[in-house]
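Below is one structure, written out as structure tokens, with a few remarks after it.
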Amino acid sequence: MKYKYIFLLILLQIQLLYAENGYRLWLRYDKINNNKTLSYYQNSIKKIFIETSTPTSKVLKEEMRNGITGLLHQSPIFTNDRLEADIIFSINTKAKNLSEEGFTLQSKKITKNRFKIIVNAKKDIGLLYAGFELLRMIQTAQKIDSLNTISNPSLSLRILNHWDNLNRHVERGYAGISIFNWHNLPAYIDQRYIDYARANASIGINGTVVTNVNANATILTHAYLLKTKALADAFRPYGIKVYLTAKFSAPIEIDHLKTADPLNPEVQKWWQNKAKEIYELIPDFGGFLVKANSEGQPGPQNYNRTHADGANMLADAVAPFKGIIIWRAFVYSNDTPEDRFKQAYNEFKPLDGSFRNNVLLQVKNGPIDFQPREPFHPLFGAMPNTPIMMELQLTQEYLGQATQLVFEAPMFKEILNADTYAKGANSTVASVIDGSLFNHKALNGCSSVANIGNDINWCGHPFAQANWYAFGRLAWNTNLSSEAIATEWTKQTFSTAPPIVASITKMMLNSYDAMVEYMTPLGLHHIMGNNNHYGPMPWGNTLARADWNPVYYHKADSMGIGFNRTVSGTNALDQYSKQVQKNWIDSNSCDEKYLLWFHHISWNHRMKSGRTLWNELCFKYNDGVEAVKKMQALWQHAQNGIDAERFHQVEQLLSIQLTEAEWWRDACLLYFQTFSKEPFPINYPKPKYSLAYYQSLQFPYAPGGGQ
Ligand code: GCW
């Protein structure tokens, strides 16, 4: 009896030890539980040869050792004899068709039942990426005996942007505080930094901006640069370069210069010296990311200079060290009464061609601000002489924050595949940012605002990890489908069992459209809560600037709803090429996803479904809510195939998501009804509360605010 009790206790301990808390992300490396698959890999991978012995190769060796040992329950032997190895990692500096980070994987038959895998890359980082690719193949149970793959990244810069402050508060962060513990640096290298670097390398991310774009000049003081160096040293073997945000007023703040005017020689000298100081510590420092003259950040316009003057001054300072400047295009002026949609284009288009060749312009995916669904930003395709990077947002500031399951790959794909028609058909956004359309092959890329914090599972919501994963995978290969990404992530993160994979991926793939429908269907946008951006607030009308208020964006009145951006309105549509305009210019043929982005539509306008606009709005909101119920049902299918811990977490979160979806539907429709004066359709679910109740809700401690 007593022994039985002790035995149970030990079992419990073991279970606790292996509790799935999400820390391991998609690199779980648990033993393959299908015996046939297991023995297939066990027989094929016994000995590994790695040609180089650089720090990156050591990382590769460790990852292969851990991965293979975990997955196959068989430790690989690392041999010095390439002839006897089953996997041969070797450098081929002359390999044709390979870029600096790319790799090839080839299986060669030796006997009927034996084969070898030859991995080639120009550099050790390519070998590391290949190692992760092989581990991914094993984790997702793919055959490895007939490989013939060439893999080169679509984009050369694949960068995370952390909006992390030095006090560890993460702006728009919903997963705890920052993983970067500046207080302990440089002496203390947290294991988190290493696991963060591993995770990034496994999906090809090769840069990280570790500080917020709402910048703090302190990061550029020597003491903090030493801390940054420690991070850069830790990340280097994983192929990750460190970047910092540069506050334009830093020369004044740090060294009391009288001005930060980019044309002032003293200011120029200050930045040149600063760059020299940084590169002495971090020879491969990536460069600066700058938010200037935007939402209160200082910039060249404070001195009547242009964005190009500012960017070029910094570009000249880092150029001798091969650094780059990533200059953000997210600007809207304090005093221009112009439609906010149009302002970035108006500001930057005339500057095309006036930037140094080590400057990239970083443009958000859409013209307003990471809304649930935006048309692509009109600057894509409009500046042929400037390399344009895209900025995406992984952290779900406007997409349900940390309580909602929203898989963002379909949104990223929608933007990547959008056709700008800049040089005729097939001038996709992907072809703009990968440099192929306008020949920016050397300098191109994509950034994403990170959704990482110090929560045990990194991202808060267990499924938010999939967005981090999707970003890396798409930046490496913009052609991957959302379905392929969801499938491989699910297999690595939860289970390879086909019914489980089917339910989970279905849930993921439906989640983006569901969220758009219950928050902002038919092209509504920017109708969320003030400041914390949590929940619906279409009635919001009290903020200092008109274009911070929801009523500015939906323009609901007794006639109808939507923002007229045609020629009879602000004519923002004119910023797109004629062919793009054709898709959106006529309210009768406009793609209904974007209808209210471009048109003020009368409440009884006939939609393609035959319903009136008001009824369609009601249906869409409710479809979104119903879709969440379907997600809940799909999740129940996963119950017996995955661990109880994460099952329960997601089950609870989905229930919050349903409540929040109903809240969005009911609050928005009750409010819009005060204009439409139309009844809800017959049998429509009755709102739980009154409009006054929804309007009274306050969330003073909602996470993620600006401080
Ligand atoms: O979406 C808005 C956010 C701000 C952010 C800004 C930006 C970093 O609400 O918190 O500031 O965008 O992108 O600069």
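The values are calculated or read from the model by the stated rules, or taken from the named source; none is laboratory data. Remember, predicted model here, so these are calculated numbers, not experimental data. FYI the Cβ positions are ideal-geometry reconstructions off the backbone, even for glycines, and counts take in every protein chain you see. For the accessible areas, the whole protein counts, side chains as well, though only heavy atoms, and no ligand, DNA or RNA atoms are used. Shrake-Rupley method; radii C 1.70, N 1.55, O 1.52, S 1.80 Å.
Return the pair list, or none, for Cβ contacts closer than 6 Å from residues in the stretch 505-523 that are among the charged types (D, E, K, R) to residues that are open to solvent by 10 Å² or more (accessible area, probe 1.4 Å), at least 6 apart or on different chains.
As it stands, the answer is LYS506/LEU634; GLU517/LYS620; GLU517/ASP623, since those pairs meet every condition given.
Only residues that are open to solvent by 60 Å² or more (accessible area, probe 1.4 Å) and assigned to a loop (DSSP other than H, G, I, E, B): list them for the stretch 230-258, please.
Correct list: HIS256, LYS258.
With respect to the numbered conditions (1) of a type outside the set (Gly, Ala, Ser); (2) touching a residue at least 12 places away in the same chain (Cβ under 8 Å); (3) buried (at least 17 other Cβ atoms within 10 Å of the Cβ), which one is the sole condition not fulfilled by MET559?
(3)
Go through the residues of the stretch 673-696 one by one and say whether even a single one is of a type in the set (Gly, Ala, Ser), touching an Asp or Glu at 6+ places or on another chain (Cβ under 9 Å) and not in a helix (DSSP H, G or I).
There is no residue in the stretch 673-696 that is of a type in the set (Gly, Ala, Ser), touching an Asp or Glu at 6+ places or on another chain (Cβ under 9 Å) and not in a helix (DSSP H, G or I).
Taking HIS554, is it of a type outside the set (Phe, Trp, Tyr) and under 23 Å from PRO372 (Cβ atoms)?
Answer is yes for this residue.
Might you check whether a residue that is of a type in the set (Ser, Thr, Tyr), within 15 Å of the ligand (Cβ to nearest atom) and open to solvent by 10 Å² or more (accessible area, probe 1.4 Å) occurs anywhere in the stretch 386-398?
Scanning the stretch 386-398 turns up at least one residue that is of a type in the set (Ser, Thr, Tyr), within 15 Å of the ligand (Cβ to nearest atom) and open to solvent by 10 Å² or more (accessible area, probe 1.4 Å).
Quick check: is even one residue across the stretch 603-622 in contact with a Gly (Cβ under 8 Å, 6 or more places away or on another chain), open to solvent by less than 50 Å² (accessible area, probe 1.4 Å) and not in a helix (DSSP H, G or I)?
Among the residues of the stretch 603-622, at least one is in contact with a Gly (Cβ under 8 Å, 6 or more places away or on another chain), open to solvent by less than 50 Å² (accessible area, probe 1.4 Å) and not in a helix (DSSP H, G or I), which makes the answer yes.
Would you check which residues across the stretch 111-121 are over 15 Å from LYS47 (Cα atoms) and either in a loop (DSSP other than H, G, I, E, B) or small (Gly, Ala, Ser) (or both) and list them?
THR111, LYS112, ASN113, ALA121
If I go through the stretch 534-556 residue by residue, how many of them are open to solvent by 50 Å² or more (accessible area, probe 1.4 Å) and either of a type in the set (A, V, I, L, M) or touching a residue at least 40 places away in the same chain (Cβ under 8 Å) (or both)?
Selection size over the stretch 534-556: 4.
Based on what the data block shows, is ILE456 surrounded by 23 or more Cβ atoms within 10 Å (Cβ to Cβ), within 20 Å of the chain's Cα centre (by Cα) and in contact (Cβ under 8 Å) with a residue 24 or more places away in the chain?
no
Among the residues of the stretch 304-323, are any within 13 Å of the ligand (Cβ to nearest atom) and of a type in the set (A, V, I, L, M)?
no
Taking GLU338, is it surrounded by fewer than 18 Cβ atoms within 10 Å (Cβ to Cβ), part of a loop (DSSP other than H, G, I, E, B) and within 16 Å of the ligand (Cβ to nearest atom)?
no
Being within 16 Å of the ligand (Cβ to nearest atom) and under 23 Å from TRP664 (Cα atoms), is that true of even one residue in the stretch 411-419?
Yes.
Among the residues of the stretch 600-607, are any closer than 17 Å to LYS342 by Cβ and of a type in the set (Gly, Ala, Ser)?
Checked the stretch 600-607: no residue is closer than 17 Å to LYS342 by Cβ and of a type in the set (Gly, Ala, Ser).
Does the stretch 180-203 contain any residue that is within 16 Å of the ligand (Cβ to nearest atom) and open to solvent by 10 Å² or more (accessible area, probe 1.4 Å)?
Scanning the stretch 180-203, I find no residue that is within 16 Å of the ligand (Cβ to nearest atom) and open to solvent by 10 Å² or more (accessible area, probe 1.4 Å), so the answer is no.
Within the stretch 688-707, can you find the residues that are buried (at least 17 other Cβ atoms within 10 Å of the Cβ) and either touching a Lys or Arg at 6+ places or on another chain (Cβ under 8 Å) or within 30 Å of HIS162 (Cβ to Cβ) (or both)?
PRO703, GLY704
For a quick check of your reading of the model, give me the residue pairs whose first member lies in the stretch 202-216 and is in contact (Cβ under 8 Å) with a residue 40 or more places away in the chain and within 14 Å of SER294 (Cα to Cα), whose second is within 11 Å of the ligand (Cβ to nearest atom) and assigned to a loop (DSSP other than H, G, I, E, B), with beta-carbon atoms closer than 6 Å and at least 6 apart or on different chains.
Once the first residue is in contact (Cβ under 8 Å) with a residue 40 or more places away in the chain and within 14 Å of SER294 (Cα to Cα) and sits in the stretch 202-216, its partners that are within 11 Å of the ligand (Cβ to nearest atom) and assigned to a loop (DSSP other than H, G, I, E, B) give ASN212/TRP163; ASN212/ASN165; ASN212/GLU171; VAL213/LYS291.
Name the residue, out of ILE144, ILE159, that is of a type outside the set (Ser, Thr, Tyr), out of contact with any His (no Cβ under 7 Å at 6 or more places or on another chain) and either open to solvent by 50 Å² or more (accessible area, probe 1.4 Å) or more than 16 Å from the ligand (Cβ to nearest atom) (or both).
None of the others qualify; the one that does is ILE144.
Just checking, does the stretch 651-672 include any residue being more than 18 Å from LEU617 (Cα to Cα), touching a Pro at 6+ places or on another chain (Cβ under 6 Å) and either among the acidic types (Asp, Glu) or in contact (Cβ under 8 Å) with a residue 60 or more places away in the chain (or both)?
No, the stretch 651-672 contains no residue that is more than 18 Å from LEU617 (Cα to Cα), touching a Pro at 6+ places or on another chain (Cβ under 6 Å) and either among the acidic types (Asp, Glu) or in contact (Cβ under 8 Å) with a residue 60 or more places away in the chain (or both).
Out of the stretch 52-81, which residues are part of a loop (DSSP other than H, G, I, E, B) and either under 14 Å from TYR41 (Cα atoms) or open to solvent by 50 Å² or more (accessible area, probe 1.4 Å) (or both)?
Scanning the stretch 52-81 gives SER53, HIS73, GLN74, SER75, PRO76, ASN80, ASP81.
Of these, ALA260, ALA275, which one is more than 16 Å from the ligand (Cβ to nearest atom) and over 30 Å from THR54 (Cβ atoms)?
ALA260
With respect to THR111, is the statement that it is among the β-branched types (Val, Ile, Thr) and in contact (Cβ under 8 Å) with a residue 40 or more places away in the chain true?
So THR111 fails the test.
Return yes or no: is LYS227 in a loop (DSSP other than H, G, I, E, B) and either open to solvent by less than 40 Å² (accessible area, probe 1.4 Å) or closer than 25 Å to GLU295 by Cα (or both)?
When the stated conditions are applied, LYS227 does not pass them.
Looking at the stretch 271-296 only, could you name the residues that are in a helix (DSSP H, G or I) and either crowded, with 21+ Cβ neighbours inside 10 Å or touching a Pro at 6+ places or on another chain (Cβ under 7 Å) (or both)?
Hits for the stretch 271-296 are TRP271, LYS274, ALA275, ILE278.
Scan the stretch 341-359 residue by residue and report those that are farther than 17 Å from ILE415 by Cα and either within 16 Å of the ligand (Cβ to nearest atom) or assigned to a helix (DSSP H, G or I) (or both).
Correct list: LYS342, GLN343, ALA344, TYR345, ASN346, GLU347, PHE348, LYS349, PRO350, LEU351.
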